[in-house]
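Undergrad: Below you'll find the structure I mean.
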Amino acid sequence: METLATSQLLFRLKGQLITPKDAEYETARQVYNGMIDKRPALIARCASVEDVVMMVNFARKNQLLVSIRGGGHNGAGFGVNDGGLVIDLSLMKGIEVNPEDNTVRVEAGCLLRDVDAATHPYGLAVPSGINGTTGIAGLTLGGGVGYLSRKFGLTIDSLLSADVVLAHGEVVTASAGEHPDLFWAIRGGGGNFGVVTSFVFRGNPIRTVVAGPMLWELADARAIMRWYRTYIKQAPDEINGWFAFLTVPPGPPFPEQLHLKKMCGIVWTYTGPADKAEDVFSPIRQMKTPALEMIGEMPVPVMQGMFDALYPPGLQWYWKGDYVNELSDEAIDIHLKYGNRLPSALSTMHLYPINGAAGRVSNDATAWNYRDATWAMVIAGIDADPANKEVITNWARSYWQELHPYSAGGSYVNFMMDEGTDRVKATYGANYERLAAIKHQYDPENLFRVNQNIRPD
């Protein structure tokens, strides 16, 4: 492939071709999850839409396995493969903010922190995820759950259009008025339908939030979860809070007496007027005084990157997820069992609310099929040491297997490993057949299959 690529592509590509012989290959093949160790034959760092078209055509004509990499944050490692081609979009980082109509055009190599940095000076934000190091492309195509979901909806709810390179090299714009079936599918259907090279979002008016964690003793977790399961369903859209089991990091700003202590917590985001925040948080403190509170007013980009330093690229990750409607007492018992057994200092479980504005969209309005769920849950075994791979993996799997019968079924695709067709079908539910038909229309040979794959019908 190296000879073939060099002869056909090297002098036409605006970006960069990287082969196993190149010095930067070992770095270029790495993704966010250090558990992924794959060796593609060729990595094409594309610098333009024309580069992407060239590489899609090259992959199709030469029947190559192809991965699409945006930010490389995908837990299952779909941004890389063994023996095939990686179309790497990380050089495509253009962002244009139009303050006249509050729209934001974002190229697919951007990270969430890039988008926040560009929109914040205009008092705008695109609702996105939890970590600033996440790629905007994969997050959006999977749906986009994060701090602002209850106020502004999922990321796809702010998506106005996208430019897509199809399997046969054609470039189209997908929107409500152009290729509306494709536009429906890419809002939650992942990278199954083509290579999205840019997005146009509606910017939402927000500059600062009042946000941060409250932590309680693990002995209080049952009471906190019972209170939280009711509170978050009744809370106004302006308040978002995701629940977590965690180990307190051993350093500032956390007090020394809590270092490496297993605790439970809720990370809050309040998007209403800052002078009203005390009215929101005071009753929460009265419910149960936190052992630690770090709530304060901050710019949206600071909120987005609050935990980035704790989770640098290259850690070992094993994810398991589910959608959740109810937190029954039986489910809470299981959470407490495994929350008390966190296998490493970074391993965790999060419950992200997806009600509020995100839940007031019908299940068939986009490919994302669980608008009626209350939470997107993720169990994440995480450790820096590859020697602990089995320990964190077994903990996450056992936790999920016991808890899964109490779930709504399916999972947020960005919280899944490579779990097979049945799991993908469960995730899309009643939308799967329509997605398969659209896949057949736009990618009948399943060129784009290194993903949570929707097979052509």
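Undergrad: Could you give the angle, 0 to 90 degrees to the nearest 10, between helix 329-339's Cα long axis and the longest principal axis of the Cα atoms of the chain?
TA: Compared with the principal axis, the helix lies near 70 degrees.
Undergrad: Return the inverse of the average 1/r over all pairs of distinct C-alpha atoms in the stretch 347-420, which is the Kirkwood hydrodynamic radius, in Å to one decimal.
TA: On the way: mean 1/r = 0.0721 Å⁻¹.
Value: 13.9 Å, from the Cα pair sum.
Undergrad: Now for a separate question. With the crude spin-label approximation of a point 7 Å out along Cα→Cβ, what separation in nm comes out for ASP372 versus TYR231?
TA: 2.8 nm
Undergrad: Based on DSSP H runs of at least 4 residues, each adding -39500 (n - 2.57), what is the mean residue ellipticity at 222 nm of the chain after dividing by all its residues, to the nearest 500 deg cm²/dmol? Kindly include the intermediate steps, with their values, before the conclusion.
TA: Values: 14 runs with 126 residues, N = 457.
Helices in the chain give a 222 nm mean residue ellipticity of -8000 deg cm²/dmol.
Undergrad: How large is the Kirkwood hydrodynamic radius of the chain, in angstrom, based on all distinct alpha carbon pairs? Kindly include the intermediate steps, with their values, before the conclusion.
TA: On the way: mean 1/r = 0.0446 Å⁻¹.
Every distinct Cα pair counted, the radius reaches 22.4 Å.
Undergrad: Also: Give the total of Lys-Lys pairs in the stretch 244-365 with Cα-Cα distances below 21 Å; include a pair only if its members are 8 or more places apart or on different chains. Write down the numbers at each step before the final one.
TA: Details: LYS261/LYS288; LYS261/LYS337; LYS262/LYS288; LYS262/LYS320; LYS262/LYS337; LYS276/LYS288; LYS320/LYS337.
Summing the qualifying lysine pairs gives 7.
Undergrad: Okay, moving on. What nm distance separates the two modelled labels at GLU170 and THR421, each placed 7 Å from Cα along Cα→Cβ?
TA: Label-label distance for GLU170 and THR421, simple model: 2.7 nm.
Undergrad: Before I look further, what does the stretch 409-455 give for accessible area per residue, probe 1.4 Å, in whole square angstrom?
TA: Numbers: 1950 Å² over 47 residues.
Per-residue value: 41 Å².
Undergrad: Rounded to the nearest whole Å³, what is the per residue volume of the convex hull around the Cα atoms of the stretch 37-124?
TA: Working: hull volume 8.7 nm³, N = 88.
Cα-based convex hull of the stretch 37-124, divided per residue, equals 99 Å³.
Undergrad: Name the residue from ILE156, THR374, VAL104 whose Cα lies farthest towards the positive end of the charge dipole of the chain, charges +1 on Cβ of Lys and Arg and -1 on Cβ of Asp and Glu.
TA: Most positive-ward Cα: THR374.
Undergrad: Compute the relative contact order of the stretch 233-302 as a whole-number percentage, counting only Cα pairs closer than 8 Å that sit 6 or more residues apart in sequence.
TA: Numbers: 57 pairs, mean separation 20.1, N = 70.
Here the relative contact order equals 29 percent.
Undergrad: Hey, how many Å between the Cα centroid of the stretch 95-139 and the Cα centroid of the stretch 385-457?
TA: 27 Å
Undergrad: Right, something else. How big is the charge dipole of the chain about its Cα centre, in debye rounded to the nearest 20, if each Lys and Arg gets +1 on its Cβ and each Asp and Glu gets -1 on its Cβ?
TA: Values: 40 positive and 49 negative charges, 83 e Å.
Charge dipole of the chain: 400 debye, to the nearest 20.
Undergrad: Between the stretch 53-83 and the stretch 188-222, what's the alpha-carbon centroid distance in Å?
TA: Comparing the Cα centres of the stretch 53-83 and the stretch 188-222, I get a distance of 26 Å.
Undergrad: A further question follows. With a probe of 1.4 Å, find how much accessible area the stretch 335-392 has per residue, and write the answer as a whole number in Å².
TA: Numbers: 1940 Å² over 58 residues.
That works out to 33 Å² per residue.
Undergrad: Can you send over the carbon and sulfur percentage of the accessible area for the chain, probe radius 1.4 Å, protein chains only?
TA: Numbers: 8640 of 17370 Å².
In the chain, the share of accessible area belonging to carbon and sulfur is 50 percent.
Undergrad: Continuing with this model, one more query. Enter the accessible area per residue of the stretch 210-297 (Å², integer; probe 1.4 Å; all protein chains in place).
TA: On the way: 3900 Å² over 88 residues.
It amounts to 44 Å² per residue over the stretch 210-297.
Undergrad: Just round it to a whole percent: the fraction of Cα-Cα distances in the stretch 89-236 exceeding 25 Å. Let's see the in-between values first.
TA: On the way: 3786 of 10878 pairs.
Value for the stretch 89-236 (Cα pairs over 25 Å): 35 percent.
Undergrad: When you have a sec, figure out the Kirkwood radius of the stretch 317-369 from all distinct Cα pair distances and drop it here in Å to one decimal?
TA: Taking the inverse mean of 1/r over all distinct Cα pairs, the stretch 317-369 comes out at 13.7 Å.
Undergrad: Taking the Cα-to-Cβ direction at GLU278 and at LYS389 and moving 7 Å from each Cα, how far apart do the two end points lie in nm?
TA: 5.3 nm
The values are calculated or read from the model by the stated rules, or taken from the named source; none is laboratory data. Just so you know, these numbers come straight off a predicted model, no measurement behind them. In this analysis, Cβ positions are derived from the backbone assuming ideal geometry, glycine residues included, and neighbour counts consider all displayed protein chains. What goes into the accessible areas is simple: the full protein's heavy atoms, side chains included, and nothing from ligands, DNA or RNA. Shrake-Rupley method; radii C 1.70, N 1.55, O 1.52, S 1.80 Å.
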